[in-house]
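Structure record follows, encoded as structure tokens.
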């Protein structure tokens with residue numbers, strides 16, 4: 001971080017900016033914006049790095065008041081002081097500027113010394129305020145911490161005398177706090193604030209201080225108390241209250257008031273059958289009602305010399321059954337609601353957690369005071385994060401982006417902006433032709449839709465599309481995370497993400513896929529891939545009629561032997577080409593291996609003429625000197641089971657018979673008996689002689 | 001021509017400018033910069049195009065610059081024109097004269113500074 005502080009000058013006149021920059025440039029880093037929109041973008045980009053803004057009023061695009069309005073809307077004005085400089089002299093302008101939160105108004109013409117002094121003063125003032133804010137916060141933490149420590153010690157003294165575990169006070173504190181939070185969510189009936197929760201839970205630790213006045217032989221009597229002893233025992237609630245009432249100071253402290261209520265009435269019951277005052281229902285202060293419930297619950301769920309620890313369910317049931325008197329039904333609901341939380345809290349309810357919780361409460365309180373919204377520490381953390389981000393962003397060669405819905409703006413990483421030939425900060429990117437040209441409108445809509453349909457719990461989307469980068473369309477993978485506000489219901493506020501160029505890897509992938517699925521010599525599908533496709537087809541429409549034909553080039557071996565392998569390859573390619581032209585669009589043609597090929601097709605009725613047509617186009621003629629003669633076996637799902645293995649095996653058997661009976665023709669497979677695989681049992685029908693006989697029934701004896 | 005003489009020629013107040021900017025170097029730097037300031041051109045162009053809002057902003061900028069540099073003649077005429085153009089007011093009688101005065105004062109300032117610049121570069 002540079003030690004110089006940064007001043008942002010927003011003025012449309014270059015002359016004016018130059019004059020100001022000259023006056024202040026020795027002591028401060030100056031950044032400049034030539035209109036309101038640019039100014040806002042700068043504020044967004046640099047945030048709290050900016051120590052002061054010098055703002056002109058009359059400017060194109062967005063004037064000074066527009067900037068102030070946005071700075072108010074986003075609460076920037078609370079952290080970044082603005083001095084307005086203008087040749088406007090009208091008092092309405094000046095008044096409006098002060099209303100919008102400017103700290104000072106300097107009219108033109110200005111005096112160099114005055115501008116300098118006012119700028120320095122303002123920056124010092126703000127720095128001091130930030131330091132003070134931090135100090136106040138620290139002191140509150142410290143004070144809160146000390147007082148709860150004192151209360152802890154005090155209440156433990158009571159417990160020691162009582163012979164209790166020492167955890168009881170802590171448990172009651174945790175339970176009280178937890179139940180209060182749930183209650184606050186459920187109802188506004190009791191007008192509870194975060195402060196009340198903190199005060200009541202702290203005061204809960206004092207609920208049994210009156211026991212200090214109970215004679216030890218009664219207090220720690222191992223057996224059952226007599227009526228007389230119980231009467232003595234019962235005085236502890238009133239005694240505790242009286243002790244607090246007798247305090248010479250602090251009578252107006254909320255903590256003392258809450259502690260008084262809790263001490264006196266934590267043995268009252270909802271039905272009016274408690275003590276000492278037999279209060280009923282909501283006559284009992286809510287603080288005492290909750291502590292009473294917490295007290296009983298913890299007694300039940302903790303182990304004592306005379307009883308084991310009961311489970312949460314057991315304890316709730318026992319309380320519901322009135323074994324410890326009756327309680328506010330609403331509080332019972334709260335207790336049930338927070339069963340999980342309670343068990344977690346009680347398990348891990350050590351001192352550290354607790355002070356952490358208290359600090360959270362204080363932090364919540366602090367949030368209510370506008371002037372304390374951003375402490376110095378928060379700003380430092382932010383600054384640190386920003387530095388980390390821009391460092392890592394500069395290391396990676398990625399297009400990183402951040403989009404905000406209001407005001408609509410797009411921020412790109414330095415590298416990304418260069419690559420896309422766009423500015424790093426772009427206001428209203430949807431209106432920018434150059435930005436729109438990078439991505440197809442349809443892709444942009446799709447991506448926006450996907451982001452809007454995410455949830456705060458699952459905000460990340462991945463989208464592959466082409467981007468126009470440096471005049472070239474290249475495939476990119478966009479990984480983006482939607483940003484949702486923390487309010488209820490959450491609002492979509494924008495997204496962050498990056499676009500990775502996966503063009504070459506994608507092409508390579510497509511290529512590999514092609515290589516994996518196609519026969520390199522003929523360009524037809526290979527056997528494995530054809531099988532996959534055929535199985536998919538059969539599964540897709542199991543009711544359809546399908547046929548599979550296996551073709552074999554006759555005398556191919558002699559072609560190889562006579563003319564060599566190169567020639568053989570040419571013949572195979574020639575045949576593959578013929579096959580490609582002989583089949584219809586949806587049919588599948590593949591090279592099974594060697595000189596064996598297959599064709600798979602779906603048919604409606606007339607299989608005969610389809611097969612005949614294909615055979616006649618594939619068979620016959622010559623390639624150079626070599627006579628093209630093809631043998632073919634066909635199996636159809638009307639006769640055999642509709643699965644690839646069966647179809648293939650049966651077609652192969654039909655082919656085998658053709659090969660053994662003179663070659664150069666084709667034949668259908670007919671299953672004549674159940675022992676498939678015995679070639680002799682298969683009776684192929686010669687293609688020529690079968691013409692016209694279409695429907696061969698399964699199992700028919702030929 | 002000295003800077004002081006230049007100020008006299010363009011109807012400005014040299015002492016006032018010095019009092020504000022505190023150094024002759026700065027005053028000279030910004031006076032010379034005035035030659036490259038596009039505000040007057042913008043004023044002429046937007047008046048010609050009938051864009052009175054833009055013309056207002058341009059006149060306003062000239063006014064601001066002149067105020068800082070204590071170019072009082074041009075400051076006064078541009079201030080009068082600024083008010084005439086404020087809030088998209090329709091042209092009033094006498095506006096032509098206001099424009100003519102701004103142009104005359106601008107030309108006067110421009111020529112004086114050019115002459116001063118010639119002396120500086122020698």
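Do you know which of the residues in the stretch A:1-17 that are more than 21 Å from residue A:98 (Cβ to Cβ) and buried (at least 19 other Cβ atoms within 10 Å of the Cβ) is nearest to the chain's Cα centre (by Cα)? Among residues in the stretch A:1-17 that are more than 21 Å from residue A:98 (Cβ to Cβ) and buried (at least 19 other Cβ atoms within 10 Å of the Cβ), the one nearest to the chain's Cα centre (by Cα) is A:12. Taking the stretch A:585-606 as the range and being at pLDDT below 90 and out of contact with any helix residue (DSSP H, G or I) (no Cβ under 7 Å at 6 or more places or on another chain) as the test, the residues that pass are A:585, A:586, A:594, A:604, A:605, A:606.
For the stretch B:30-46, the set of residues classified as more than 9 Å from chain A (Cβ to nearest Cβ) and surrounded by fewer than 21 Cβ atoms within 10 Å (Cβ to Cβ) consists of B:32, B:35, B:41, B:42, B:44, B:45, B:46, listed by residue number.
Every residue, every condition in (1) touching a helix residue (DSSP H, G or I) at 6+ places or on another chain (Cβ under 6 Å); (2) more than 13 Å from every other protein chain (Cβ to nearest Cβ), yes or no:
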residue: B:62; (1), (2): yes, no
residue: B:69; (1), (2): yes, no
residue: B:73; (1), (2): yes, yes
residue: B:76; (1), (2): no, no
residue: B:91; (1), (2): no, yes
residue: B:103; (1), (2): no, yes
residue: B:112; (1), (2): yes, yes
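When we screen A:34, A:14, A:61 for residues that are on the phi > 0 side of the Ramachandran plot, free of Cβ contacts under 8 Å to residues at least 40 places away in the same chain and within 12 Å of chain B (Cβ to nearest Cβ), the only hit is A:61.
None of B:83, B:96 is more than 11 Å from chain A (Cβ to nearest Cβ) and out of contact with any helix residue (DSSP H, G or I) (no Cβ under 6 Å at 6 or more places or on another chain) except B:96.
Among the numbered conditions (1) closer than 26 Å to residue A:111 by Cβ; (2) more than 13 Å from every other protein chain (Cβ to nearest Cβ); (3) at pLDDT below 90, the only one that residue B:50 does not meet is (1). Counted as qualifying within the stretch A:437-544 are no helices (runs of 4 or more DSSP H), as none has 3 or more residues that are at positive phi. Would you say residue B:52 is on the phi < 0 side of the Ramachandran plot and over 12 Å from the mean Cα position of the chain (by Cα)? Yes; evaluated as a whole, the condition is true for this residue. Among the residues of the stretch A:467-482, are any within 25 Å of residue A:67 (Cα to Cα), within 25 Å of the chain's Cα centre (by Cα), buried (at least 17 other Cβ atoms within 10 Å of the Cβ) and not assigned by TED's automatic domain parsing to the domain that holds residue A:35? Looking through the stretch A:467-482, none of the residues is within 25 Å of residue A:67 (Cα to Cα), within 25 Å of the chain's Cα centre (by Cα), buried (at least 17 other Cβ atoms within 10 Å of the Cβ) and not assigned by TED's automatic domain parsing to the domain that holds residue A:35. Is it the case that some residue within the stretch A:294-305 is more than 18 Å from residue A:172 (Cα to Cα) and more than 47 Å from the chain's Cα centre (by Cα)? Checked against the condition, which is being more than 18 Å from residue A:172 (Cα to Cα) and more than 47 Å from the chain's Cα centre (by Cα), the stretch A:294-305 yields at least one hit. Taken over the stretch A:494-539, the criterion of being closer than 30 Å to residue A:403 by Cβ and surrounded by 15 or more Cβ atoms within 10 Å (Cβ to Cβ) is satisfied by A:494, A:495, A:496, A:497, A:498, A:499, A:500, A:501, A:502, A:503, A:506. Taken across the stretch B:21-29, residues that are closer than 24 Å to residue B:115 by Cβ, exposed (fewer than 14 other Cβ atoms within 10 Å of the Cβ) and more than 8 Å from chain A (Cβ to nearest Cβ) do occur, with at least one present.
The residue of the stretch A:561-586 that is nearest to residue A:527 (Cα to Cα), among those that are without any contact (Cβ under 8 Å) to a residue 40 or more places away in the chain and crowded, with 17+ Cβ neighbours inside 10 Å, is A:583.
The residues in the stretch A:234-255 that are part of a helix (DSSP H, G or I) and either more than 53 Å from the chain's Cα centre (by Cα) or at positive phi (or both) can be counted, and the count is 7. Residue pairs whose Cβ atoms lie under 7 Å apart, sitting 6 or more positions apart in sequence or on different chains, and linking a residue in the stretch A:97-110 that is more than 14 Å from chain B (Cβ to nearest Cβ) to a partner that is part of a loop (DSSP other than H, G, I, E, B), are A:103/A:81. Is it the case, given these coordinates, that residue A:625 is buried (at least 20 other Cβ atoms within 10 Å of the Cβ), assigned by TED's automatic domain parsing to the domain that holds residue A:660 and within 22 Å of residue A:565 (Cα to Cα)? No. Scanning the stretch B:4-20 for residues that are within 12 Å of another protein chain (Cβ to nearest Cβ) and surrounded by fewer than 19 Cβ atoms within 10 Å (Cβ to Cβ), we see that the one that is farthest from the chain's Cα centre (by Cα) is B:19.
The values are calculated or read from the model by the stated rules, or taken from the named source; none is laboratory data. Just so it is clear, the structure is predicted and the values come from calculations on it, not from any experiment. Ideal geometry is used to build each Cβ from the backbone, glycine not excepted, and the neighbour counts take in all protein chains shown.
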